[in-house]
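In what follows, a structure is listed as structure tokens, so that the remarks can point back to it.
The values are calculated or read from the model by the stated rules, or taken from the named source; none is laboratory data. The model shown is predicted, which means the values in this text are computed figures rather than measured ones. Here the Cβ is made from the backbone with ideal geometry for all residues, glycine too, and neighbour counts use every protein chain on show. Protein only, heavy atoms only, side chains kept; ligands, DNA and RNA dropped before computing areas. Shrake-Rupley method; radii C 1.70, N 1.55, O 1.52, S 1.80 Å.
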Amino acid sequence: MSDESFTWRAFLGRWQEEWVPRGDGDEDEDGERTAAGPGRPGADEAVIAAAEKRLGRRLPPSYREFLAVSDGWHVDETAGVYQLGGAADIDWFRDPYDMTPLYEENLGDDPREEDVLLAGMWRRALRLETDSDMSHALLDPGDTGRDGEWALYLYKGWGGELPDRYPSFRAYMEAMYRGFHSDRAESPDFVNATTRAQDARVEDARLRALRGRYEEALPLLEEARSFGRPRSAVLLNQIRQLLDPHSPRGYGGLVADPRYLPEILPVEAMTPSRGAWRPGGDDHWLGMMAARGAARRTAEAVLGALRDGTHRYAPSGPWGRAVAEAQESAVRGATDTAWRMLREALPLWETPGPSLIAPVGLLADPVLGPLITPERGREILATPRSGETGPAPGPVTALDPPGLAWLTEPAANRQPRDGYRCVWAEGVDPARLPALIGEEGAELSPPVDPREASRRAPRPHEREGVELWEDRPVVAAGRTAEGWAFAFDGHSLAHLGELFLSPAPAASASGRAVVVWRDPGSTSPGGRPAAFHLSVAEQGAELYAFTVRGTEIQRSGAIPGALDPARLFRPEDTGLDRERRLLEALHSEIGLSLPRFALTRGRLRTFTTRSWTRAPHADEGFAYAYFGSRRQRP
């Protein structure tokens, strides 16, 4: 309600007309409140003036105007403060519980203005209530706005929390009115002009949201939510969740409705599936879902599928076909392509009912969920869908940079001490990589977090039949934008030793193959120097290769000038400059790249390769050391 249209007589008259008490205990001693409502006749000007003279202060405008219309008010039995007194009842609070010292001792050396005001409020505040549940409505003349209004502090003594602050008495009463409505919203008999108006706002907001005008829908839903109107909270939470995709949101009884369950229940299960839950664990969450009407067996199945990574968002119709295609692109590493597929198909998404305004089920999909950044969440919300029309938003910026230079950004893909290694195979489908360079029986896994798969890969001493000298990493497989299949180990803790055996020849059965290995070396005094290896093969034979260890360069074959290590690894440059120069050359000369988003935040298929080290010869030795989560190998 705007300031221009607000009057206390209209506001309190509407409240009085809508008054419905909540159960027993709502009547006063004469049994009149249920019939008469919460208000009283207004106070005469002389009565208000007499109170001001007694108090020694002129009352703030909105409270003074209120008394002239109703000399007191029964707020509500759930509001802490039950009854606001009239002009003759109010008096100074005078801090009877000695709260001031408690608040002053916590001010510190540089307190905020609002904290100083609160600490001094207790001794100067005007007490308004005459009946409450250990609660106080306190008007503070020391906390005054430019309009002359005093802030009102609602202190709930039983809660042990800071008081709620309202900028004026009117703001407090408007909040109590919304609370009055919210407490009764679930009653089918509580219908009046206000509930009808707010329900119309919800429907208006729903249509605006489906037309991509979510920013217009937000304030409508927020207001309706403050009145407790049905559907307002679940619609509002969908918008808020897509604006902040990884924040948990609740959707109430929608989990029990078969129309919404495929979208909503997996989203509700996201938090417990990650282990981020309160004491009581799965049982607590499952019990909560059962209380909302969801079958326990269904909730258990969804939670289990999310936890083991097998859950898939699988809607029907044209939108569902686009989702399936996007999933396949994403697990190959083409996350920007997958997002383009989803974005183009968004208008085809159909709501199954009036309580769903966006495909929030995407967020719970292990493959597609990580793609939904806040920017992309806004793009979803701004796209007209479910048969509605409107202007389409501009596309957000792609997330994968071209080439390989992003590998020099430690925070983007790995811990600074980690190395990385990769095999690229030209003209090969990623599904063939296990047969070319995988260990015996290797197959592509279901989509998983490649970082976790690499970190959790068993060490040689943990695998039966594997020699200690072997180096069999778990690698993420996919396809680059240029069409090369890749097998990437982004958290390599092995080191590039003399027994290294490049997998490039084995990977090159159908065309060229390239192997790159970056070993960051050891930072300890006298430790091994950083090393970098490149090898290129074709049709099963190595064409050229080089390995750089510190200032030493080993080379073989006819290395192209653009990749000459003597040119790329200049002594005066830092290790990072050398690495970046080589990676840029590999992109420009051979056309190599890697999908950053898929490798650092997405889900890819993985497999275990053959050993990257050969068996030591009779006159060679090797050492194997394992310390905690770190291991060293030749």
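Picking from residues in segment 186-212 that are modelled with pLDDT under 95 and open to solvent by 60 Å² or more (accessible area, probe 1.4 Å), the one that is nearest to residue 392 (Cα to Cα) is 186.
Conditions tested, residue by residue: (1) surrounded by fewer than 17 Cβ atoms within 10 Å (Cβ to Cβ); (2) closer than 29 Å to residue 7 by Cα; (3) among the hydrophobic types (A, V, I, L, M, F, W, C).
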residue	(1), (2), (3)
86	no, yes, no
91	yes, yes, no
118	no, no, yes
132	no, yes, no
169	no, yes, yes
184	no, yes, no
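When the residues of segment 540-570 are filtered to those that are closer than 14 Å to residue 529 by Cα and open to solvent by 60 Å² or more (accessible area, probe 1.4 Å), which remaining residue is modelled with the lowest pLDDT? The selected residue is 551. Which residue pairs have Cβ atoms closer than 6 Å, lie 6 or more positions apart in sequence or on different chains, and pair a first residue in segment 131-159 that is free of Cβ contacts under 8 Å to residues at least 60 places away in the same chain and hydroxyl-bearing (Ser, Thr, Tyr) with a second residue that is open to solvent by less than 10 Å² (accessible area, probe 1.4 Å) and in a strand (DSSP E or B)? Correct list of pairs: 132/81; 135/81; 153/138. Of all the listed residues (453, 358), the sole one being touching a strand residue (DSSP E or B) at 6+ places or on another chain (Cβ under 6 Å), open to solvent by less than 30 Å² (accessible area, probe 1.4 Å) and in contact (Cβ under 8 Å) with a residue 40 or more places away in the chain is 453.
The set of residues in segment 429-448 that are under 27 Å from residue 324 (Cα atoms) and either open to solvent by less than 30 Å² (accessible area, probe 1.4 Å) or in contact with a Phe, Trp or Tyr (Cβ under 9 Å, 6 or more places away or on another chain) (or both) comprises 430, 433, 434, 442, 443, 444, 445, 447. Mind checking which residues of segment 455-492 are assigned to a loop (DSSP other than H, G, I, E, B) and of a type in the set (Asp, Glu)? Listed by number, the residues that qualify are 464, 467, 470, 471, 482. In segment 495-503, is there at least one residue being more than 42 Å from the chain's Cα centre (by Cα) and loosely packed, with under 14 Cβ neighbours inside 10 Å? Taking every residue of segment 495-503 in turn, at least one turns out to be more than 42 Å from the chain's Cα centre (by Cα) and loosely packed, with under 14 Cβ neighbours inside 10 Å. A single member of 597, 607 is modelled with pLDDT of 90 or more and touching a strand residue (DSSP E or B) at 6+ places or on another chain (Cβ under 6 Å), and it is 607. Within the set 292, 259, the sole residue that is crowded, with 16+ Cβ neighbours inside 10 Å and among the charged types (D, E, K, R) turns out to be 292. List the residue pairs whose Cβ atoms are under 6 Å apart, where the first residue sits in segment 53-78 and is outside any helix (DSSP H, G or I), the second is open to solvent by less than 20 Å² (accessible area, probe 1.4 Å) and among the aromatic types (Phe, Trp, Tyr), and the two are 6 or more positions apart or on different chains. Here the result reads 60/150; 76/180, each pair linking segment 53-78 to a residue that is open to solvent by less than 20 Å² (accessible area, probe 1.4 Å) and among the aromatic types (Phe, Trp, Tyr). Residues that are of a type outside the set (Asp, Glu), touching a helix residue (DSSP H, G or I) at 6+ places or on another chain (Cβ under 8 Å), under 20 Å from residue 611 (Cβ atoms) and touching a residue at least 24 places away in the same chain (Cβ under 8 Å) within segment 456-484 comprise 468, 469, 472, 473, 474, 475, 476, 477, listed in sequence order.
Can you name the strands (runs of 3 or more DSSP E) wholly within segment 99-174 that have at least 1 residues being among the basic types (Lys, Arg)? Result: 150-156, 164-166.
Any idea how many residues of segment 425-450 are among the charged types (D, E, K, R), out of contact with any strand residue (DSSP E or B) (no Cβ under 8 Å at 6 or more places or on another chain) and within 18 Å of residue 612 (Cα to Cα)? Write out each step before concluding.
Start the filter on segment 425-450 by keeping residues that are among the charged types (D, E, K, R), which leaves 426, 429, 432, 439-440, 443, 449.
Checking the rest, the ones that are also out of contact with any strand residue (DSSP E or B) (no Cβ under 8 Å at 6 or more places or on another chain) come to 440, 449.
If we keep only those that are within 18 Å of residue 612 (Cα to Cα) as well, we get 440.
Of the residues in that region, 1 qualify.
Every condition in (1) open to solvent by 70 Å² or more (accessible area, probe 1.4 Å); (2) not in a helix (DSSP H, G or I) holds for residue 275 except the one numbered (1).
Considering each residue of segment 504-513, count those that are assigned to a strand (DSSP E or B) and open to solvent by less than 30 Å² (accessible area, probe 1.4 Å), and give that number.
1
Would you check if residue 582 is open to solvent by less than 50 Å² (accessible area, probe 1.4 Å), of a type in the set (A, V, I, L, M) and out of contact with any Asp or Glu (no Cβ under 8 Å at 6 or more places or on another chain)? Taking the combined requirement at face value, the residue satisfies it.
Residues of segment 361-392 that are open to solvent by 40 Å² or more (accessible area, probe 1.4 Å) and touching a helix residue (DSSP H, G or I) at 6+ places or on another chain (Cβ under 7 Å): 374, 378, 388.
Report yes if residue 251 is among the aromatic types (Phe, Trp, Tyr) and either within 22 Å of residue 293 (Cα to Cα) or open to solvent by 50 Å² or more (accessible area, probe 1.4 Å) (or both), otherwise no. For residue 251, the condition - among the aromatic types (Phe, Trp, Tyr) and either within 22 Å of residue 293 (Cα to Cα) or open to solvent by 50 Å² or more (accessible area, probe 1.4 Å) (or both) - is met. The residue that is nearest to residue 500 (Cα to Cα), among those in segment 456-487 that are of a type in the set (A, V, I, L, M) and open to solvent by 60 Å² or more (accessible area, probe 1.4 Å), is 468.
Please specify each residue of segment 524-570 satisfying the condition of being in contact with a strand residue (DSSP E or B) (Cβ under 6 Å, 6 or more places away or on another chain) and on the phi > 0 side of the Ramachandran plot. Across segment 524-570, the qualifying residue is only 557.
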